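First up is the structure itself, then whatever we jot down about it.
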Amino acid sequence: MTRSCICVLLAFRLAAQLAMAQWQPAPWPVLKHYDKDHLYNIALPLGGIGTGTVSLGGRGELRDWEIMNKPAKGFSTVTVGNNAPFFAINVRPVNGKPMTKALLGPLDPAEYLHYEGRPVNQHGFPRFTDASFEAAYPLGQVNLSDPKMPVRVRIKGFNPFVPGDADASGIPMAVLAYEVTNTGREPLTVSVCGSMRNFIGKDGSQSRKDWKGDVIPLGAKKNQNRYRAGDGFRGIYMFSDSVDRQDPAWGTLALTTNSPSGVSYRTSSRSNDWENAMLDFWDDFSADGQLTEQDKLVDDDPLASLAVQKTIAPGQTQTYSFFITWSFPNRPAWSSFSLQPGQHTVGNYYATQYANAWEVMTKTLPRLPALEQKTLQFVNAFLASTYPDVIKEAALFNLATLRSQTVFRIPSGHLMGWEGIFDENGSCFGSCTHVWNYEQATAFLFADLSQSMRDIEFNHATSNTGKMSFRVMLPLSKAQDWNNAAADGQMGTVLKLYRDWHLSGNPEFLRRNWEPVKRVMSYAWIPGGWDGNQDGVMEGRQHNTMDVDYFGPNPQMGFWYLGALKATAEMATAMKDKALAQKCLDLYRKGSAWMDQHLFNGEYYEHKITDPKTFAFLDWENNPNVAVPDYQLGKGCLVDQLVGQMMAHMLGLGYLAKPENIQKTLQSVMKYNYLDNFSDHFNNMRSYVMGDEAGLLMASWPKGRLKVPFPYFAESMTGFEYTAAVGMLYEGQTENALKCLKSIRDRFDGRKRNPFNEPECGHHYARSMTSWNAVLAWSGFRYSGVTESMALTSRPGTYFWSNGSAWGTCTVAPEGAVNRVSLTVLNGKIRLRQVELQGGGTQRFKQAQEVGEGGKLDFKVL
């Protein structure tokens, strides 16, 4: 390399370092404000897709450290009490007494009782007296103030979220910025300090077995902290040479800052007998706001502290930026935390991108301003759109599920998903098809992740006979070991593949998956199968998302099947398989007519129960001696009976049955299933709605209940409620739809429940992302890369749109007898041959229009 090249390189590197050192968060938008009485349960996950997270609490606390390949709700897997990770502030006036407080809001009254007087982390620290929280996911902001403090603090926490870029949205990092404003009349010397123990190896598990079957002790073991300086940042690197390197809790951590000056640190503290380590830290930090390095102690989880000190003039605001990064590469398979080599450890995709926690900072900090800008561009575009606030909140806040321990990515990049997560373990393994069928957020925001799930379903989990294991085992070589199929799960995956094909417009995607698609559909037609007599109606034993087997025709399975038939007919036509296309259309037409004639009872679609052995219909209404199998639906009005129709609308497949019957059914769901007060409702199972809260029941029984209906009939769960509400939006029943949506989000008010965590069978339940479907229904957005066409509502307004690889906004404005349309692409690129405004005409372009990032397309629609 020549001397001039070296000089240019050094100059570029210096400029980059200066830019990084000056980086601080831009102003952030706010969708929802939570006052001091609605903070107790707020926990906004900070972390990337498939990386695990740590959550920013409503009062500034760092909680739910779920970065070590397992959930950790409701307790700290790392350290507890006053030793749990936290940030503190030291304020030194020119004249006056210095003050030190934890950067936390006040305790909640529910946190006072404990047998040792230690009910909550940081229970013994001075706190700010007032707090509030503001959010527009993935952006969270905590506001702290105190009449005794001459400063006001805003804590800003986020992790980049860029639709269409899963890698940029999958960084193992929590970005924290502390904006401190001097509210007094004299200059202040202010220090902000982060403290956390090196908890590598300590994930909360009690014990595990090694590959020999021996029980091994768990926890931190002689972990080490090192102060280091990087390109534009510095801080403490945490590692362990003593924790087993194959353990899921083994990895690396880093606590860093990009502040160019005023940095002090401690990599350890004195012994923690009688809690003296924290006392030693507090005295050191309170003395002058600077830290003094301690003599190294042999400690299993040494305490690390990193402080930044600045002078703040009256009325001025200074920002203190900190970054927590991590790498824990040993992701175990679904059911085991064993260390047996090659059998239970599948690994993490993010560990193929970053060698350790320090490299996360090295690679990310130079890109962070651009990543923040892209994140803000997405959030601002979404918030500026003409969607009711309740739709924005439900759709945006449930995207937290994609960053929770509910999902992970194996080294190949494939996205895997639990159904949800319990406090310490995953809930219901295997990327369960009958749960993941409901949500559209993944496909419309991250096309590559969605397509990776289709690859697993059709090319790993499907047998030669077409049976698709609705739970996928790991490693993928064992994907079919579950060996059970679900009728709704299998039919829904066909619709999802059809969706992903259209969103991508990639003919190779369909060709690559076409043979397994045919097998998957043909499986429904095997003798004794779901539609063994091939009449377009599912009569056989149908395992489904209620975790039971329905016997006989029912709307839930029936509409999934009709949608899959219609989608397969279109795919077969594209693949020039005329015989299969015709067969699917014939079955669809017969099945649709039969359901309208035999299942629609004048108000909604019901279930005709058959004998499990003979498949003959059971006349249990007129013959009380007939043995009816347990756990059926029967004449119940099911909340999500039209889930297949909902998806058909989203994919442009039209009505699957008579439109008037569909509309009447949704009116009946609202009439019979909606309760505006649950105080008098009996529920023998789980209660996700209680007291004076409102919501939709899973099923109602206006025509008589079976003695033993399906298990969840008396419950109320958000994913199913969203399904009904989205159906109502598609049918123009807007008032009822918004009422249902508001009922859900009112329950997640920050005090009673976490706004970023809608549970079903576990926290952050995958089906909760069905809330994104409301965005599609309200805007009427559809995109097909196959036909290079877009559809949108003709209702005046501005609408955020996304197809999984590109996104932007589209504004519709009436102008006399025409509509003026302005389409903007903010990320990616899109090709269009026509744009249809539903009920407002179609614009066909003479040649395909390609609009790239930052581009705009203006036209009129007659």
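The values are calculated or read from the model by the stated rules, or taken from the named source; none is laboratory data. All figures in this text were calculated on a predicted structure; none of them were measured in a lab. All Cβ positions, even for glycine, are placed from backbone atoms using ideal geometry, and neighbour counts span all protein chains on display.
Structural remarks
- Taken over the stretch 606-622, the criterion of being over 41 Å from the mean Cα position of the chain (by Cα), under 20 Å from Gly529 (Cα atoms) and assigned to a loop (DSSP other than H, G, I, E, B) is satisfied by Lys613, Thr614, Ala616, Leu618.
- The single residue among Met538, Met575 that is assigned by TED's automatic domain parsing to the domain that holds Asn601 and surrounded by fewer than 24 Cβ atoms within 10 Å (Cβ to Cβ) turns out to be Met575.
- Residues being among the aliphatic types (A, V, I, L, M) and in contact with an Asp or Glu (Cβ under 8 Å, 6 or more places away or on another chain) - total across the stretch 760-798: 5
- Test: residue in the stretch 41-59 that is surrounded by fewer than 22 Cβ atoms within 10 Å (Cβ to Cβ), in a loop (DSSP other than H, G, I, E, B) and either modelled with pLDDT of 95 or more or assigned by TED's automatic domain parsing to the domain that holds Glu393 (or both): yes
- Counted residues, the stretch 509-566 - those being within 30 Å of Ala627 (Cβ to Cβ), of a type in the set (S, T, N, Q) and over 28 Å from the mean Cα position of the chain (by Cα): 4
- For the criterion of being loosely packed, with under 15 Cβ neighbours inside 10 Å, closer than 30 Å to Ala370 by Cα and more than 29 Å from the chain's Cα centre (by Cα), Lys856 passes.
- Search result, residues across the stretch 214-231 that are surrounded by fewer than 21 Cβ atoms within 10 Å (Cβ to Cβ) and of a type outside the set (D, E, K, R): Val215, Ile216, Pro217, Leu218, Gly219, Gln224, Tyr227, Ala229, Gly230
- Filter result for Glu508 (assigned by TED's automatic domain parsing to the domain that holds Thr610, in contact with a Ser or Thr (Cβ under 7 Å, 6 or more places away or on another chain) and of a type in the set (D, E, K, R)): no
- Qualifying residue in the stretch 827-836 (condition: touching a helix residue (DSSP H, G or I) at 6+ places or on another chain (Cβ under 9 Å), within 29 Å of Gln373 (Cα to Cα) and not in a loop (DSSP other than H, G, I, E, B)): yes
- Scope the stretch 418-447; condition surrounded by 24 or more Cβ atoms within 10 Å (Cβ to Cβ) and touching a Cys at 6+ places or on another chain (Cβ under 9 Å); matching residues: Trp418, Glu419, Gly420, Val435
- Of all residues in the stretch 744-768, those that are assigned by TED's automatic domain parsing to the domain that holds Ala725 and buried (at least 24 other Cβ atoms within 10 Å of the Cβ) have Cβ atoms under 6 Å from Cβ atoms of residues that are of a type in the set (D, E, K, R) and at pLDDT below 95, 6 or more apart or on another chain, in His763/Lys73.
- Within the stretch 778-798, the only residue that satisfies the criterion of being among the hydrophobic types (A, V, I, L, M, F, W, C), buried (at least 23 other Cβ atoms within 10 Å of the Cβ) and either under 28 Å from Phe756 (Cβ atoms) or assigned by TED's automatic domain parsing to the domain that holds Gly505 (or both) is Trp778.
- Filter result for His460 (without any contact (Cβ under 8 Å) to a residue 40 or more places away in the chain and surrounded by fewer than 24 Cβ atoms within 10 Å (Cβ to Cβ)): yes
- If you go through the stretch 799-845 and pick out every residue that is free of Cβ contacts under 8 Å to residues at least 12 places away in the same chain and either in contact with a Lys or Arg (Cβ under 9 Å, 6 or more places away or on another chain) or closer than 21 Å to Ala443 by Cβ (or both), you end up with 1.
- When residues in the stretch 499-535 are screened for being in a loop (DSSP other than H, G, I, E, B), surrounded by fewer than 20 Cβ atoms within 10 Å (Cβ to Cβ) and not aliphatic (A, V, I, L, M), 8 of them pass.
- Annotation: Leu368 fulfils all but one of (1) part of a loop (DSSP other than H, G, I, E, B); (2) modelled with pLDDT of 95 or more; (3) more than 17 Å from the chain's Cα centre (by Cα); the unmet one is (1).
- Of the numbered criteria (1) assigned to a helix (DSSP H, G or I); (2) free of Cβ contacts under 8 Å to residues at least 40 places away in the same chain; (3) not basic (Lys, Arg), the one Phe678 fails is (1).
- Qualifying residue in the stretch 470-493 (condition: more than 30 Å from Gly828 (Cα to Cα) and of a type in the set (Ser, Thr, Tyr)): yes
- Hits in the stretch 623-652 (condition: outside any loop (DSSP other than H, G, I, E, B) and of a type outside the set (A, V, I, L, M)): Gln632, Cys637, Gly644, Gln645, His649
- Screening the stretch 464-498 for residues that are outside any helix (DSSP H, G or I) and without any contact (Cβ under 8 Å) to a residue 40 or more places away in the chain and picking the one that is surrounded by the fewest Cβ atoms within 10 Å (Cβ to Cβ) gives Asn483.
- Ala400 meets the conditions (1) of a type in the set (A, V, I, L, M); (2) part of a loop (DSSP other than H, G, I, E, B); (3) under 21 Å from Asp64 (Cα atoms) in every case but one. The failed one is (2).
- For the stretch 66-181, the strands (runs of 3 or more DSSP E) that sit wholly inside it and include 1 or more residues that are within 28 Å of the chain's Cα centre (by Cα) and touching a residue at least 60 places away in the same chain (Cβ under 8 Å) are 86-93, 130-136, 139-145, 151-158.
- Scanning the stretch 653-666 for residues that are in a helix (DSSP H, G or I) and under 29 Å from the mean Cα position of the chain (by Cα) gives a single hit, Leu666.
- Test: residue in the stretch 348-359 that is within 24 Å of Arg767 (Cα to Cα), out of contact with any helix residue (DSSP H, G or I) (no Cβ under 6 Å at 6 or more places or on another chain) and among the aliphatic types (A, V, I, L, M): no
- Residue within the stretch 536-557 that is more than 26 Å from Cys432 (Cβ to Cβ), in contact with a Gly (Cβ under 7 Å, 6 or more places away or on another chain) and in a loop (DSSP other than H, G, I, E, B) present: yes
- One residue from Trp250, Trp282 being of a type in the set (Phe, Trp, Tyr) and in a helix (DSSP H, G or I): Trp282
- When Thr362, Thr386 are checked against the criterion of being surrounded by fewer than 22 Cβ atoms within 10 Å (Cβ to Cβ), part of a loop (DSSP other than H, G, I, E, B) and not small (Gly, Ala, Ser), a single residue qualifies: Thr386.
- Evaluated against (1) farther than 20 Å from Leu368 by Cβ; (2) crowded, with 24+ Cβ neighbours inside 10 Å; (3) of a type in the set (Ser, Thr, Tyr), Ser169 falls short on exactly one condition, (1).
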